[in-house]
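See below for the structure under consideration.
Only the coordinates and a few stated rules stand behind these numbers; no lab work does. Quick caveat: nothing in here was measured; it's all calculated off a predicted structure. Ideal geometry is used to build each Cβ from the backbone, glycine not excepted, and the neighbour counts take in all protein chains shown.
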Amino acid sequence: MNRQQAEELLTRYTQGTASASERAMVEHWYESEAAGKKLADDHVFEHLDAEIWAGTLQKAGIARPVVHRRLFTAYRAAAAAAILLLISGALVFYLKDQKAVPVPPAAIAQQDIQPGGNKAVLTLSNGASISLTDAAEGELAKQGDSRISKTKEGQLMYEPGGGPAGAEAGKRNTISTPRGGQYRVDLPDGTRVWLNAASALTFPPSFAGLNDRSVTLSGEAYFEVAKDAGKPFKVISNGHTVEVLGTHFNVNAYNDEPDVKTTLLKGAVKVNGSLLKPGQQSVLHEGKISIRNAETEMETAWKNGEFIFNGQDFKTVMRMVSRWYDVDVVYEYDPAPFRIGGEVSRGRSITEVLKMLEVTGGVKFKIEDRKIKVIR
């Protein structure tokens, strides 16, 4: 990041136009700098805070701007964060469209693991399995009135095949992705579903003759539901039911996460009877539903080939890394809790991602085979 980029970041932050990931990154870096100072009683806090601010500005050689008092808190965080990025070289995290820059030496072994890709297995209702990773483009199977094919873009598609309607009622197929895999499937009704890593979707080969369009999800998926006013679409997962007629939403229902989250981008859905509006998220925790405003860009970043973090705790981030890179995470000690802010492409190798986490979180890693060890 150069001086101009830092100043542009400051402007976006103070004007309220910075993205969620930029805001999180900015505030994290300011807090990291502040952590190096002993915060005294409230009556001297302002003086000490100004000292932190002045010190980072002096290091960067940028003159301290005059700002209105009501903007001072936000501005100092933004400026300190941008300056710290300038002097630390810890860029990799948010200028995702630029080439990575050098980062401080890490304790990561000299081996690397590449990111995941299009990998999945389709299991038909008769028990037959088809590896979508290896299958050639074209027709894969026929089931009743549906023809199943793989497109040249590597997607799974169900389309009318001219067979008897309703012949497959009551039967179910399952598409499952491994750790390190993702896949898109177009269901028989035209609904598009993107599956994240370590996920599975179970659905009928045809919705003809059925009262609704029910599917079962384990893991995470993004849905663009085809409209059918007479036949509601339902996603069932971990005691959690999303009902919709036509909309765009994301469901995160991994068994190793404490919550089941549904994030609505467009339309309207009911989650266990609670209505969501666009930009809202339901959280199912220990059997209870709560509704809150959502960072939709962050929640659906995986579908667009990115990791975006806005205050997730470190161990949550490491579970995301584990699924996408198909690795096990081993904690050789239990680091003090901290949160991560920023973004990075899911197309980067694991070493690049871990180096970024070393810089932003103060942790260290070592790669051994397909294990990521968190070390002192």
>> Between region 171-228 and region 264-330, how far is it from one alpha carbon centroid to the other, in angstrom?
In response: 18 Å
>> Which of rounded, prolate or oblate describes region 119-160 when judged by the alpha-carbon gyration tensor and an a/c cut-off of 1.5?
In response: oblate
>> I'm a student and want to see the number: the projected area of the Cα convex hull of region 233-283, averaged over all directions, in nm².
In response: 3.0 nm²
> Does region 290-347 classify as rounded, prolate or oblate by the C-alpha gyration tensor (a ≥ b ≥ c root eigenvalues; a/c under 1.5 gives rounded; else a/b over b/c gives prolate, otherwise oblate)?
Replying inline: oblate
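Which entries of Lys277/Lys303; Lys152/Lys355; Lys150/Lys266 have Cα-Cα distances beyond 26 Å here?
Values: Lys277/Lys303 21 Å; Lys152/Lys355 35 Å; Lys150/Lys266 28 Å.
Result: Lys152/Lys355; Lys150/Lys266 exceed 26 Å.
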>> Need one number: nm distance between label points at Ile375 and Ile236, each 7 Å from Cα along Cα→Cβ, rounded to one decimal.
In response: 4.8 nm
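What number do you get for region 112-270 when its Cα radius of gyration is normalised by 2.2 N^0.38 Å, N = residues?
Values: Rg = 15.1 Å, N = 159, 2.2 N^0.38 = 15.1 Å.
In units of the globular-protein estimate, region 112-270 measures up at 1.00.
So if R0 is 41 Å, what FRET efficiency would Val329 and Ala229 give, r being the distance between their Cβ atoms, rounded to the nearest 0.05? Walk me through the numbers before you get to the answer.
Values: r = 45 Å, r/R0 = 1.11.
Plugging the Cβ-Cβ distance into 1/(1 + (r/R0)^6) gives 0.35.
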> Where Rh denotes the Kirkwood radius from the mean inverse Cα pair distance, what is Rg over Rh for region 232-374?
Replying inline: 1.01
